[in-house]
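As structure tokens, the structure follows; a few thoughts come after it.
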């Protein structure tokens with residue numbers, strides 16, 4: 001069954017294509033936005049800007065450390081750089097540069113970490129960003145955004161430009177179905193969206209897992225379990241209020257992320273829940289393992305990231321309430 | 001403060017260098033930590049830049065968009081940077097004595113945004129040249145004609161990122177980007193030639209497409225001449241290899257590379273002061 005089909009969500013184009021369009025849009029609107037590429041513009045889709053605004057597009061080649069610092073220098077000149085590459089290459093080759101030149105300097109730079117998660121599929125685990133959220137988590141001044149559908153990607157790119165300070169934006173190669181009407185997606189940094197009401201359990205997802213959580217909510221509803229679904233599009237700052245309200249009002253929380261469980265969204269939400277309104281929690285994500293090449297759907301199934309896995313976790317969390 | 005190229009008085013600049021060395025001594029001795037020897041080796045380079053009519057800057061308008069940039073890539077020489085910025089009037093000299101104390105903007109290594117005149121956060125070596133290239137590209141987009149000077153340590157040139165930046169700067173024909181290498185021949189654990197040799201060093205830079213000048217890094221007049229010469233280079237970035245002495249000015253520090261990350265004891269500092277005032 002297609003992702004989002006149970007929940008009646010319409011299919012959409014790949015998120016990287018949406019990113020390319022959104023980036024071009026902010027470049028049209030704001031002449032201070034410049035784009036830096038680590039020779040992957042045709043994969044991240046940052047190349048849209050290369051064609052439209054060649055003078056504001058810089059390919060720095062396959063040299064991520066230099067890429068990040070050149071971006072930081074441009075930010076110091078008053079530009080708003082979008083530094084773009086695969087999240088795994090940026091974070092694993094240029095963590096030191098992200099740390100000193102951007103995070104510690106607290107400058108106004110934006111980083112697009114594409115190919116987050118495992119759904120890039122066939123290129124395999126060398127290219128997958130399964131630890132990106134954990135690593136960016138170690139850069140405390142970064143806002144972290146994980147859009148879940150085309151409309152939220154457009155809003156996230158704009159919000160990243162409007163925010164003054166470092167922003168990490170996670171993108172994916174895969175298509176994510178429409179969750180929001182294209183012209184009506186609420187998006188405030190640090191304010192999560194409740195995309196389905198429910199009173200028995202809350203499923204908090206980000207990225208592709210939001211559509212999956214909505215599918216799971218349909219499965220659960222057939223069994224009489226009403227699941228609330230939250231789109232946690234901002235992983236820092238986390239929306240504590242919405243999390244605490246979910247704990248108080250639904251009494252059980254499941255988190256779902258296309259990322260390692262260690263150091264991911266779920267563990268940060270658990271810290272908030274444990275220290276405010278403890279309720280049973282379950283966590284859907286990647287165990288401490290690398291994955292492999294394969295069709296995205298096969299990978300999601302094999303590594304435990306499906307609507308069925310979320311539904312199972314939700315049943316367990318609900319059962320643990322009693 | 002701005003010095004015109006005509007009015008440079010080398011004798012006055014030598015006195016300035018002496019005074020900066022004393023400030024570096026006092027700062028690091030009071031902090032009981034820091035890198036005095038790495039700071040002393042680049043004093044004349046900083047004096048030539050800030051007081052030799054090379055850098056265009058306005059201490060009372062530190063972020064003047066048209067200013068020339070100076071990036072201290074070898075961040076452990078922060079005491080030298082702070083001393084020259086204070087002497088140039090960016091902030092009160094009194095701040096120098098708060099080096100490495102809690103609540104002070106005078107951090108152990110430079111942090112962008114805390115002090116006027118500090119252009120970059122450095123201390124993890126290898127990043128400054130890339131940052132400088134970013135300023136060059138930003139200047140092009142802003143249609144400003146400033147120059148960007150980056151001071152590199154010699155040990156720092158072992159870092160791969162320096163050569164990523166070198167390759168990119170030549171690719172972008174960044175002829176307003178000027179690297180200066182404080183080639184004092186020592187890194188933390190010993191002589192460069194023994195630990196991780198850089199030679200043939202000039203050929204490496206040339207191979208990456210850079211114009212190279214070589215100079216005695218303690219001869220202020222020669223430094224000024226070299227800094228003027230690289231301004232004439234067109235179509236390629238330039239580097240000045242400044243041959244220096246680590247710990248310059250204090251004999252027993254010059255003779256002992258283990259002073260790298262170590263301040264002088266009060267007794268040693270008293271002897272150093274005598275030598276510097278001689």
- Task: Return the average number of partner chain Cβ atoms within 10 angstrom of each residue Cβ along peptide B:137-146.
- Result: 4
- Relative to the longest principal Cα axis of chain A, at what angle does helix A:265-276 sit, 0 to 90 degrees, rounded to 10? 60
- Item | Per-peptide average of other Cβ atoms within 10 Å, ordering A:230-242, A:79-91, B:171-183 highest first | A:79-91, B:171-183, A:230-242
- Note on the structure: Compactness summary of segment A:96-184: radius of gyration and Dmax from Cα atoms, Å, are 13.9, 39
- Binned at 5 Å from zero, the C-alpha pair distances of segment A:28-96 give percents of 4, 19, 29, 26, 16, 5, 1
- Query: Cα centroids of segment B:34-57 and segment B:137-159: how far apart, whole angstrom?
  - Reply: 16
- What value, in deg cm²/dmol to 500, does the helix sum -39500 (n - 2.57) over DSSP H runs of n ≥ 4 give at 222 nm once divided by the residues of the protein assembly as shown? -11500 deg cm²/dmol
- To one decimal place, what orientation-averaged projected area in nm² is obtained for the convex hull of the Cα set of chain B? 13.3
- In whole Å, how far is the Cα centre of segment B:226-278 from that of segment A:290-322? 61
- Message: Can you give me the C-alpha center-to-center distance between segment A:183-233 and segment A:11-85, rounded to a whole angstrom?
- Response: 31
- Over the alpha-carbon set of the protein assembly as shown, divide Rg by the Kirkwood Rh and report the Rg/Rh ratio to two decimals. 1.06
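Reported to two decimal places, what Rg/Rh ratio describes segment A:159-251 when computed on Cα atoms with Rh from the Kirkwood expression?
Value, to two decimals: 0.99.
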- Message: With the alpha-carbon atoms as the only input, what is the per residue convex hull volume for segment A:210-322 in Å³?
- Response: 104
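Averaged across the residues of A:88-101, what count of C-beta atoms belonging to other chains lies within 10 Å of each residue's C-beta? Walk me through the numbers on the way to the answer.
Working: counts 0, 0, 0, 0, 0, 2, 3, 0, 6, 6, 0, 2, 11, 10.
Average neighbour count from other chains, rounded to a whole number: 3.
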- Calculated FRET value between residue A:42 and residue B:229, using beta carbons and R₀ = 56 Å, to 0.05: 0.85
- Would you mind checking the tilt of helix A:64-76 against the longest principal axis of the Cα atoms of chain A, expressed as 0 to 90 degrees and rounded to 10? 80
- Restricting attention to the alpha-carbon atoms of segment B:1-142, what are Rg (one decimal) and Dmax (integer), both in Å? 14.6, 44
- Task: Just round it to a whole percent: the fraction of Cα-Cα distances in segment A:147-211 exceeding 17 Å.
- Result: 43
- Item | Average partner coverage of B:157-163, which counts Cβ from other chains inside 10 Å | 3
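Write down Rg/Rh for segment B:132-238, rounded to two decimals, with Rg from the C-alpha atoms and Rh from the Kirkwood relation over Cα pairs. Present the calculation step by step, with values, prior to reporting the outcome.
Values: Rg = 14.2 Å, Rh = 14.5 Å.
Dividing the radius of gyration by the Kirkwood radius yields 0.98.
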- Task: Report, in degrees rounded to the nearest 10, the 0 to 90 angle that the Cα long axis of helix A:15-29 makes with the longest principal axis of chain A.
- Result: 50
- Item | Gained length - residue A:308 relative to residue A:163, 0.36 nm times residue gap less alpha-carbon distance | 48.5 nm
- Determine the gain in length on full extension of the stretch residue B:203-residue B:265; use 0.36 nm per residue of separation and subtract their C-alpha separation, reporting nm with one decimal. 18.2 nm
- Task: Starting from one equal scatterer on each C-alpha and no solvent at all, send me the Debye-based log10 I(q)/I(0) for chain A at q = 0.10, 0.14 Å⁻¹, two decimals.
- Result: -0.52, -1.01
- With each label point set 7 Å from Cα along the Cα-Cβ vector, what nm distance links residue A:249 and residue B:189? 5.9
- Computed over all unlike Cα pairs, the Kirkwood hydrodynamic radius of segment A:15-170 in Å stands at 14.9
- Item | Nearest-0.05 FRET efficiency for residue B:221 and residue A:17, computed from C-beta distance (R0 60 Å) | 0.50
- Task: Please give the direction-averaged projected area of the C-alpha convex hull for segment A:200-269, in square nanometres with one decimal.
- Result: 4.3
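Only the coordinates and a few stated rules stand behind these numbers; no lab work does. These figures come from a predicted structure and were not determined experimentally. Cβ: placed from backbone, ideal geometry, glycine included. Neighbour counts: every protein chain shown.
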